[in-house]
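Structure first, commentary second.
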Amino acid sequence: MTVSSASAARTTYPNVAEHFNLQASKYNIGVEKVRWTGPQILVQQLIKSGFNGPVKGLDFGTGRGNVAKVLKEKFNPVNVKGYDVSAEMVRHANLDGHNDLTLKGGVRDLAEENENEYHLFTSCGVLDFLTPEDTEALSAQASRVLKPGGYFAVTYEPRGTSFPGIQTLQHDPKVLRSQFESKGGRVLVQASVGGLYDNFGVKTPHEKPRVENHILIGKYL
Ligand SMILES: C[S@@+](CC[C@H](N)C(=O)[O-])C[C@H]1O[C@@H](n2cnc3c(N)ncnc32)[C@H](O)[C@@H]1O
């Protein structure tokens with residue numbers, strides 16, 4: 001079920017961690033089935049917008065570490081630390097070994113990170129589970145932990161995700177953009193990039209993307 005941000009609770013829905021704990025072992029089978037290309041789109045768009053490493057990255061809501069996996073196909077060396085609210089996702093991400101480290105944590109835990117530490121801050125398909133207060137806090141943390149010249153890249157579904165069995169939020173692209181800009185981020189790309197049932201933004205003739213997936217990429221100077 002999708003709810004509008006107007007009716008959003010102030011904190012992340014408590015069932016998110018539980019939901020992804022149950023999904024964790026079969027998460028990658030699920031993403032293959034629906035052809036979720038979010039991590040590939042995110043990295044492809046990052047490179048197009050001028051990011052060329054080095055990659056010391058923080059990936060928020062890392063799941064099984066698929067963003068790091070794609071980054072490793074394009075860059076060397078790659079060092080990614082993941083955060084995820086789901087203990088089972090964290091366990092599987094560490095078993096999969098794409099991230100160098102995945103910790104159980106949410107937005108508030110990012111306060112433990114040093115300032116000016118990372119070249120890249122990513123979050124792929126996660127904002128849909130965060131309240132507007134959380135995305136505000138997330139953009140503040142991204143600006144704090146990134147080095148000058150560091151890039152942020154986030155994808156989300158402005159109409160809420162189609163994840164079955166879980167409530168998701170809708171974010172107004174203008175509001176999200178202004179949250180990142182107000183912390184000094186210069187937006188380089190804000191676009192609709194397809195998503196599920198969509199391969200790298202190229203629609204197959206007989207299929208349409210099932211959901212609209214947006215990307216926001218920027219840089220702190
Ligand atoms: C749709 S999955 C995306 C996983 C990964 N980014 C990818 O693209 O394959 C969403 C992930 O965000 C995590 N997540 C949701 N809300 C979160 C929060 N408040 N803090 C940290 N992680 C969160 C979930 O546990 C889940 O692993």
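The values are calculated or read from the model by the stated rules, or taken from the named source; none is laboratory data. None of these values were measured; they are calculated from a predicted model. Cβ coordinates were reconstructed from backbone atoms using ideal geometry, including for glycine residues, and neighbour counts include every protein chain displayed.
Evaluated against (1) under 19 Å from residue 189 (Cβ atoms); (2) within 14 Å of the ligand (Cβ to nearest atom); (3) out of contact with any helix residue (DSSP H, G or I) (no Cβ under 9 Å at 6 or more places or on another chain), residue 33 falls short on exactly one condition, (1). When we screen 61, 57 for residues that are at pLDDT 90 or above and on the phi > 0 side of the Ramachandran plot, the only hit is 61.
The rows are residues; the columns are (1) modelled with pLDDT under 95; (2) farther than 28 Å from residue 173 by Cβ; (3) of a type outside the set (Ser, Thr, Tyr); (4) more than 8 Å from the ligand (Cβ to nearest atom).
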residue: 2; (1), (2), (3), (4): yes, no, no, yes
residue: 9; (1), (2), (3), (4): yes, no, yes, yes
residue: 76; (1), (2), (3), (4): no, yes, yes, yes
residue: 83; (1), (2), (3), (4): no, no, no, no
residue: 100; (1), (2), (3), (4): no, yes, yes, yes
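Scanning the stretch 119-151 for residues that are within 16 Å of the ligand (Cβ to nearest atom) and assigned to a strand (DSSP E or B) gives 120, 121, 122, 123, 124.
Considering the conditions (1) of a type in the set (A, V, I, L, M); (2) surrounded by fewer than 21 Cβ atoms within 10 Å (Cβ to Cβ); (3) at pLDDT 90 or above, residue 43 is excluded by exactly one of them, (2). Of all residues in the stretch 64-74, those being on the phi < 0 side of the Ramachandran plot and within 13 Å of the ligand (Cβ to nearest atom) number 7. Enumerate the pairs (first residue in the stretch 48-68 and within 17 Å of residue 28 (Cα to Cα) and of a type in the set (S, T, N, Q); second residue anywhere and within 6 Å of the ligand (Cβ to nearest atom) and not in a loop (DSSP other than H, G, I, E, B)) with beta-carbon separation below 7 Å, excluding pairs fewer than 6 apart on the same chain, so at least 6 apart or on different chains. From residues that are within 17 Å of residue 28 (Cα to Cα) and of a type in the set (S, T, N, Q), the pairs are 62/83; 62/84; 66/39. When the criteria are applied in full, residue 90 meets the requirement of being out of contact with any Cys (no Cβ under 7 Å at 6 or more places or on another chain), modelled with pLDDT of 95 or more, within 11 Å of the ligand (Cβ to nearest atom) and among the β-branched types (Val, Ile, Thr). Listed by first and then second residue, the pairs linking a residue in the stretch 82-99 that is on the phi > 0 side of the Ramachandran plot to a residue that is surrounded by fewer than 24 Cβ atoms within 10 Å (Cβ to Cβ) and of a type outside the set (S, T, N, Q), with Cβ atoms under 6 Å apart and 6 or more places separating them unless they lie on different chains, form an empty list.
What is the one condition in (1) modelled with pLDDT of 90 or more; (2) under 17 Å from residue 41 (Cβ atoms) that residue 141 does not satisfy? Only one criterion is unmet by residue 141, namely (2).
All told, residue 168 meets the bar of being at pLDDT below 95, of a type in the set (S, T, N, Q) and within 10 Å of the ligand (Cβ to nearest atom). In this structure, residue 49 does not satisfy being closer than 26 Å to residue 212 by Cβ, near the ligand (Cβ under 10 Å from one of its atoms) and small (Gly, Ala, Ser). Of the residues making up the stretch 65-91, those that are crowded, with 22+ Cβ neighbours inside 10 Å, in a helix (DSSP H, G or I) and touching a Gly at 6+ places or on another chain (Cβ under 9 Å) are 66, 67, 68, 71, 89, 90.
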